[in-house]
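**Q** The structure under discussion is supplied below as structure tokens; questions concerning it will follow.
The values are calculated or read from the model by the stated rules, or taken from the named source; none is laboratory data. Keep in mind it's a predicted model, so treat the numbers as computed, not measured. No Cβ is skipped: glycine too gets one built from the backbone with ideal geometry, and neighbour counts run over all protein chains shown. Note: areas computed on protein heavy atoms with side chains; ligands, DNA, RNA excluded. Shrake-Rupley method; radii C 1.70, N 1.55, O 1.52, S 1.80 Å.
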Amino acid sequence: MKDPITDRSLSWPLAIASALLLLSTAWVLYDEIWGARPWKGYQKTFRKVFVERLENFKQQQVAKEQDIRQEKSFLEMEEARKAAMEDAKKSLAEVQVQMDLINRKNAALTPAMQDARGRLGEFTYQLEKARKGKKEGEAKALEAKIEKIKAKKYKVAMPALEKGKTETVEMVFDEIAAEFSSLKNLRGDLQRQQAALNGPAREIQSKMASYLQARIHGLQPHQIDARITELKEKFRVGIQDYQIHVEDVGLVDRCQVCHLGAMEKVATTQKDLFDAGLKTSKEVWGDPSTYSKEKSALRRALVSHPRPDLLKVHDPEKFGCSPCHGGNGIATTSVVRGHGWHKYWLYPLFEMENAEAGCQQCHTGSLHLEGATTLNVGKEIFSERGCWGCHRMEGFDQEVDDLKLIATRQGVLTRERKELLKSQAFDEGMLDDEDDLYTDEQLDEAQKRLDQVYPYKLSEMETEEIELAKRRSSLHAQRKRVGPNLKDLRAKVKPGWLAHWIDSPHVFRPGTKMPSFRLDPDQVQSISAFLWEHAIDPERAGYLAALQKEAGKHLNQKAADAVRGKNLFETRGCMACHSMGEGDSSQGSDFAANLSRVGEKIQFPFLMRWIQNPRKRLVPSVPESKGRDRFHRDLYPDGDPYDAETDGVLLTTNATVMPQFRLPWDEVRDIAGYLMTQRGGGGSFEEVPPWLKAEGEAKEKLLADGQKWVSHFGCAGCHEIGGFETEGRIGTELTKEGSKPLDRLDFGLFTHQAKKLAFSTHDWIEPIHKDEGNWYTHKGFFVRKLGWVEQDEEGEDKLVYGPDFFDQGKERSREEKLRMPNFRLSKNENTAVTTFLLGSVDSQFPPRFYHNPEGRAKAIEEGWWIIKKYNCQGCHAVGVSDKPSLGELPWFDGRSAERTAPPTLVGEGSRVYSDWLSGFLRDPSMATGAHENRNGIRPYLAVRMPSFHFSEEEVGKLVRFFEAMSSQPTPYIKKENVPLSRKELALMRKAFTDKEGPCQKCHVGDGMIAPNFVHTPARLKPSWIRRWLLDPSQLSPGTSMPSGLFGTQAPWKYPPLMGYGGDHVDLFVRYLRQYDEGEAKALEKME
Amino acid sequence: MTEGLMIFAKFDWHQIGEIISTPDNIPMVLLMILIPYFTWYALKQARENDRLIAQLEADPEMAKTHHRKRFPMEKKWEPTVLVWPHLLKIEFLAAICVMVFLIVWSVAFNAPLEEPANPNLTMNPSKAPWYFLGLQEMLVYFDPWIAGVVMPTVIIIGLMAIPYCDVNPLGNGYYTWNQRKYAITTFFFGFHVLWILMVLIGVFIRGPGWMWFWPGQTWDHHRMIYETNRNLNDILGLEGAVWAALVGIIAIGLYTVVTAFIIHKLYMKYKGDLYARMNLLQYGTMQVLLIMMISLPVKIFLRLALRVKYVMVTPWFNI
């Protein structure tokens, strides 16, 4: 037998093992050099392709430049430049000759100069050293040496004007130095001459360069060439050149290592790259016309960043890329890693449709962010559809939080005051001594004691309390609720309608704000019963009697003229917020409810009361009273006045944004009558519903259940309900929902399916879209939780996913089921809200990243919240490109003064004085007495600016908003008006009473169809008046005020004015600025 | 656990794939292959050695010469085997194989880094590294003091003590089964069953909530099982802290006595000669260690089958 040890040959195993080792080492090298570094390939491709791209682009630009160079003005400039150069040529040549001489002289002097200077330098240094060391003997010797050198004569061959000729001169050092510096001065002079001579030509040249630059869009050919050269010669394959390192945050972003085209100045799309040769193999070997976007991932990666204006504001070197886009900036080994699309990177790259989510974490305060359209829509939906009724979100419904803070602060102040007084043995009763318990001496004594230690503290506290009370009343006035006040139910709606509505609002009113709650019939019945029971009893409130007293004979539905009402409805401005008509035939705005079926549901008297003044509550309410609204006689049977300190805040206004139109009662009646005829669905809800018929024990049960369900579904988050005034929100806070750990989002039984694992333990759950990728992400959750409405094959609306989606498959009692109702969003709305939620994160970045506007920008940001809240854009244009809903209606064609649409608010800040504006906003009627029928600046319009009853804070913010939008200086200083001389005054008065004069046709006298001039001194800014007079159509396109009133082509020529030598426009401005009531009367007398 | 039979309805290969490919678990996959292999290899060598021993015992002449590996020495073989090249070429081959293995592993698998640690968020299941998973599994059956401190200490000290208690002079330096049945059996019990098996259960079987998932069952985080456990004294109907301690002491005392008796009887019957060579300390140590080892499967049975939580409950520690 063979020796089991020594005869065993291991050759084969060794060979195989060695081969494996070789292969694995090769694999290592491959992986290290290329496998883990795919970007090397991208960079090489990029360099090749982008050079090609630039070449293509250069051709374009060269052609453009040729065209521009052929332009007449350019050629003229070229001629001028050549001429200038010609002129200067001769003198330049002369100067050059002299310059040459100086240079030659300089060269001749230099050796001697250097020699002498060198020696002198050395000895001077030694002399200084000797003097310092107090070696007098040495110093003397050195001084002697220096003298000798200075006396030495150097032979210099000074050149003469003719080339080649020289003249030998003997010079000592001082002379050489003098000659040297005089040469220097001469040279300076000559250079100045040269510059002056070259000047004109240079100037023209720079003009030509800027002419070119202004007319060529994009880079000029020489700049493109520079980039091409850079790419060809200096391009390094690597990471260092493309990495962004923001040191203070520790952020390293290597996105550009693959996205090489991102910061290129030449905008490059996928098509450009395709044309430059970046094709997939199919496109290369197949039909080249099969190009379409998205086919090549590399093409997608190499395009340039859109919106370079955004990049200017957010310099990537300071912000990086991943703060806005998400993703794992530091990873380079693969696309999945770099984009953070695996489960261990918590902030994956946002998809294209949600790209604006990154804006939200720094721009939390703005509702209207330039350029972030999806995000803006998302935030508006969140605000308008009332998501904040259940879910707290920072910045939305700020009033509630501020009121809490104020309440806390008031508590603190009260406590501090008590302690303060106690510390000085000061009985609180001594403050006002109502019951006369103390003698005067005692009071004085106590006061002195207090004053000694705390001279001002008490009054400081009192001042603060007053301020807080003011702020509190402001906040209560500002605070609006999502849905209507349900305490009005009994007075407002027909009971038969209530259950239909609560069960499925979208059936009665498609597109309504109110979501559908997936209720069972018994829940609907009990909720209706409860809400009805807890609404204000109209009999007890006596509101009909009060209404009768106010409206008098007009409270009569039969006398209502529906035709006139329709006309009023369409012209007074109701349709700036409301709409009428179903589906495609709907007209008006969808900010507020569509009123096509309102007659079926509402009671006539309430409708009248509402239209007349929506802000007036049926009964004053104390929020802390929890349902027992303060009928005065309940609180004060003896008739004492209401005391806010002891009884809490008394609310007399409804928390609705609908304004008051100051309509007279007959108009109110007619509009109400018209609306009562709107019974689009033909339904009748007159029958008494079963829940109203219930009595005794059945009723008790209904009410108990109703309370449970109203509390369970959080109705009080959006509506005011009797007994639930101070209820909180039932939903989770969403302020940082985008950073919530994924494990905390409840995917229900879909967790496995969402992660795209092969088998789910609950396969009987139908996956809806089978071919989706991994949706176990924040976006996957939000999109499905919100759901959207699709049209199925029959064209019916079908709810896809939705808030109850994650309940599927679970056995749950009604109390445990998910409560969020269905909002029936469209797909785009879903994307917008998802974007907003994805962006609501707990930001990791330092404060310098955040947008904290001050001054003008802050005023604009704050103003937009109010503009959107009250839907100013329903009537007015606020942003430059706005198209207000009202202006689209057929009535507002501007054919007569009555039919003019509301004025544009673009430039309002530059037009009116801020104090006038704040007065106007407080009371648009500009009346001091009764408000009805007194309608502001433009009483001739059919449409009416309503009274919004803003809080003081809101008025301030709006005024500052308009000022900021027009970039007005703060503070604005009114300039004194230069008064008119007697002659000028007489001239102007005659001009304004001239029969042919244009101004008086509209602005003066009875039947005015333009603003009355009497308002001008307090209202209009002089600079604006001037611009207006010169060109009204520029400031307000479509205005009836004629243009071209001034100037040589003006149609009207009043001879005396023609003789006036000064500035006519300035004269008019000065005249108008002093046009008050007295002036108006004077004009009247003259006529 | 019993509904695990349902797995034959639908075997979730994906779940198995996910468990196996988790970077933390890859050593255990290898272990599942290597342990049986080495066990088999060792036993094969033992069997061949036994055959050689039998041969040598039968032929005293042959026994006087050396043997090489598992074969008796033949005349033409060199008596001396040089380190170079014979040992070193094997070692070289081994080195190359290890290199290849390490290279392939390090290129194919990245370090198992997960997201930044969040102290507010605990993973489910929250598992120790594999070398502690045996102990973590034991935590199901024992009080943390016992499973986490006492048992590991006893294991380590026991391992240290074994050479001193091992009085069997045979089987040094070569694999053999016949000469060392008791030692090998005990070792297999202690290592394969009480350690490796526990680790494998901890790695592959325990899922979310530390619930039992047979291979092929999906790791469902929403699964709910009935697993309410009670203490021994509560089962017997004797409530109260005093009873808890008393019942426990009695039960454990009983167990100890019975087990010691059985061990003694068996040891005397099969290893009487070894018994003669042991002193009291050695025998006592062996008894204690064996009793503690056997207590583990006993407790496992009590826990899984009878839902017994603790046998003995005192304010200081439970068993």
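**Q** So which residues in segment B:74-88 end up with at least 40 square angstrom less accessible surface once the other protein chains are there, compared with the chain by itself, probe 1.4 angstrom?
**A** B:Trp77, B:His86
**Q** Taking the full set of protein chains and a 1.4 angstrom probe, give the accessible area of B:Leu306 in square angstrom, rounded to the nearest 10.
**A** Its heavy atoms expose roughly 80 Å² to the probe.
**Q** Over segment A:865-917, average the accessible area per residue using a 1.4 Å probe and give it in Å², no decimals.
**A** I get 42 Å² per residue for segment A:865-917.
**Q** For segment A:47-63, what does the Karplus curve 6.51 cos²θ - 1.76 cosθ + 1.60, with θ = phi - 60°, yield as ³J(HN,Hα) per residue in whole Hz, taken in order and with x for Gly and Pro?
**A** For segment A:47-63, the Karplus-derived couplings read 4, 5, 5, 6, 4, 4, 4, 5, 4, 4, 5, 4, 4, 4, 5, 4, 4 Hz, x marking Gly and Pro.
**Q** Can you give the accessible area per residue of segment B:211-319, in Å², using a 1.4 Å probe?
**A** 60
**Q** Please list, by residue number, every one of the trypsin sites (Lys or Arg not before Pro) in segment A:98-137 that is coil in DSSP and has at most 16 other beta-carbon atoms within 10 Å.
**A** For trypsin sites (Lys or Arg not before Pro) across segment A:98-137 that sit outside H, G, I, E and B with at most 16 neighbouring Cβ atoms in 10 Å, the list reads A:Lys134, A:Lys135.
**Q** Starting from the Cα of A:Lys165, draw a straight line to each of the lysines and keep only those under 29 Å, dropping any in the same chain fewer than 8 residues away.
**A** Cross-link targets: A:Lys89, A:Lys90, A:Lys105, A:Lys150, A:Lys152, A:Lys153, A:Lys155, A:Lys184.
**Q** To the nearest 20 debye, what charge dipole does segment A:1-106 have about its Cα centre, counting +1 at the Cβ of each Lys and Arg and -1 at the Cβ of each Asp and Glu?
**A** That gives segment A:1-106 a dipole magnitude of about 180 debye.
**Q** Relative to the longest principal Cα axis of chain A, at what angle does helix A:221-234 sit, 0 to 90 degrees, rounded to 10?
**A** So the inclination is approximately 80 degrees.
**Q** Here is a follow-up. Enumerate the lysines that A:Lys983 could reach by cross-link, defined here as Cα to Cα under 21 Å, with residues fewer than 8 away along the same chain left out.
**A** Within reach: A:Lys995, A:Lys1053, A:Lys1081, A:Lys1085.
**Q** Could you derive backbone 3J(HN,Hα) for segment A:118-130 from the dihedral phi with the Karplus parameters 6.51, -1.76 and 1.60 (θ = phi - 60°), listing whole Hz in sequence and x where the residue is Gly or Pro?
**A** x, 4, 4, x, 4, 5, 4, 4, 5, 4, 4, 4, 5
**Q** Then there is this: Say each of B:Leu139 and A:Asp792 gets a label point 7 Å from the Cα, pointing the same way as Cα to Cβ; how far apart are those two points in nm?
**A** So the label points at B:Leu139 and A:Asp792 sit 5.1 nm apart.
**Q** Based on Cα positions only, what radius of gyration and what Dmax would you give for the protein assembly as shown, in angstroms?
**A** According to the Cα coordinates of the protein assembly as shown, Rg and Dmax are 47.8, 156 Å.
**Q** Add -39500 (n - 2.57) for each DSSP H run of 4 or more in chain B, then divide by its residues: what number comes out at 222 nm, to the nearest 500 deg cm²/dmol?
**A** -18000 deg cm²/dmol
**Q** Follow-up question, since we're still on this one. Report, please, the projected area of segment A:924-1034 averaged over directions, based on the convex hull of its C-alpha atoms, in nm².
**A** On the way: hull surface 39.4 nm².
For the Cα atoms of segment A:924-1034, the hull's average projected area reads 9.8 nm².
**Q** Can you compute the charge dipole magnitude of segment B:75-223 about its Cα centre, using +1 on each Lys and Arg Cβ and -1 on each Asp and Glu Cβ, nothing else charged? Give it in debye, rounded to the nearest 20.
**A** The calculated dipole for segment B:75-223 is roughly 580 debye.
**Q** How many angstrom lie between the C-alpha centres of segment A:136-205 and segment A:673-735?
**A** That distance is 104 Å.
**Q** Here's another thing I want to ask about it. For Cα pairs less than 8 Å apart in space and 6+ apart in sequence, what is the mean separation divided by the residue count of segment A:147-242, i.e. the relative contact order in percent?
**A** On the way: 38 pairs, mean separation 14.6, N = 96.
That works out to 15 percent.
**Q** Can you spot the lysines whose alpha carbon is less than 16 Å from A:Lys64's alpha carbon? Ignore those fewer than 8 places along the same chain.
**A** A:Lys72
**Q** Something else now. Of B:Lys75/B:Lys271; A:Lys379/A:Lys616; A:Lys779/A:Lys869; A:Lys616/A:Lys974; A:Lys974/A:Lys1001, which sit over 32 Å apart, Cα to Cα?
**A** B:Lys75/B:Lys271; A:Lys616/A:Lys974
**Q** Let me ask you something else. With axes computed from alpha carbons, what is the tilt in degrees of helix A:562-571 against the longest principal axis of chain A, rounded to the nearest 10 within 0 to 90?
**A** Taking Cα atoms only, the helix is inclined about 20 degrees.
**Q** May I pose another question? With the dipole of segment A:71-221 worked out from charges on the C-beta (+1 for Lys and Arg, -1 for Asp and Glu) around the Cα centre, which of A:Gly218, A:Val169, A:Ile102 lies farthest toward the positive end?
**A** A:Val169
**Q** How much mean residue ellipticity at 222 nm does chain A get from its helices, if each DSSP H run of length 4 or more adds -39500 (n - 2.57) and you divide by all residues, to the nearest 500 deg cm²/dmol?
**A** -15000 deg cm²/dmol
**Q** A follow-up question, please. Rounded to the nearest 100 Å², what is the sum over both chains of accessible area buried where B meets A, with a probe of 1.4 Å? If you can, show how the numbers build up before the last one.
**A** Working: alone 21520 and 60410 Å², together 78800 Å².
For chain B against chain A, roughly 3100 Å² becomes buried.
**Q** Antiparallel as a % of all DSSP beta bridges within the protein assembly as shown, to the nearest 5?
**A** So the antiparallel bridges in the protein assembly as shown amount to around 95 percent.
**Q** Could you look at segment A:982-1086 and say what percent of its accessible area is carbon and sulfur, using a 1.4 Å probe and all protein chains?
**A** With neighbouring chains kept in place, the figure for segment A:982-1086 is 55 percent.
**Q** Hey, another quick one. Taking every pair of alpha-carbon atoms in segment A:810-909, what share in percent sits in each 10 Å bin, from 0 to the bin with the longest distance?
**A** Taking all Cα pairs of segment A:810-909, the binned fractions are 11, 22, 28, 21, 12, 6, 1 percent.
**Q** Using amide H atoms built 1.01 Å from N in the peptide plane, name the residues 5+ places from A:Ser925, or on other chains, whose amide H lies under 5 Å from its own.
**A** none
**Q** Express the relative contact order of chain A as a whole percentage, based on alpha carbon pairs under 8 Å and six or more residues apart in sequence.
**A** 10
**Q** Could you grab the relative contact order for chain B? Cα pairs under 8 Å, six or more apart, rounded to a whole percent.
**A** Taking the mean separation of contacting Cα pairs over the length of chain B, I get 25 percent.
**Q** Segment B:166-189 to segment A:490-560: how many Å between their Cα centroids?
**A** For segment B:166-189 versus segment A:490-560, the Cα centre distance is 92 Å.
**Q** Still on this model: What is the helix-to-structure angle for A:136-151, meaning the angle in degrees between its Cα long axis and the longest Cα principal axis of chain A, kept from 0 to 90 and rounded to the nearest 10?
**A** 80
**Q** Now, a different point. Take the eigenvalues of the Cα gyration tensor for segment A:71-221, scale each by 5, and report the square roots as semi-axes in whole Å, largest first.
**A** Semi-axes, largest first: 52, 22, 9 Å.
**Q** Relative to the Cα centre, what is the charge dipole magnitude of chain A, using +1 at the beta carbon of each Lys and Arg, -1 at the beta carbon of each Asp and Glu, and rounding to the nearest 20 debye?
**A** 4680
**Q** Just how far, in whole angstrom, is segment B:60-107 from segment A:261-315 if you go by their alpha carbon centroids?
**A** 64
**Q** Could you tell me what percent of the accessible area of segment A:317-411 is made up of carbon and sulfur, with a 1.4 Å probe and every protein chain present?
**A** With neighbouring chains kept in place, the figure for segment A:317-411 is 63 percent.
**Q** Between their Cα atoms, which of A:Lys601/A:Lys699; A:Lys48/A:Lys282; A:Lys708/A:Lys785; A:Lys265/A:Lys312; A:Lys2/B:Lys69 are more than 18 Å away from each other? Walk me through the intermediate numbers first.
**A** Details: A:Lys601/A:Lys699 24 Å; A:Lys48/A:Lys282 20 Å; A:Lys708/A:Lys785 25 Å; A:Lys265/A:Lys312 12 Å; A:Lys2/B:Lys69 12 Å.
The answer is A:Lys601/A:Lys699; A:Lys48/A:Lys282; A:Lys708/A:Lys785.
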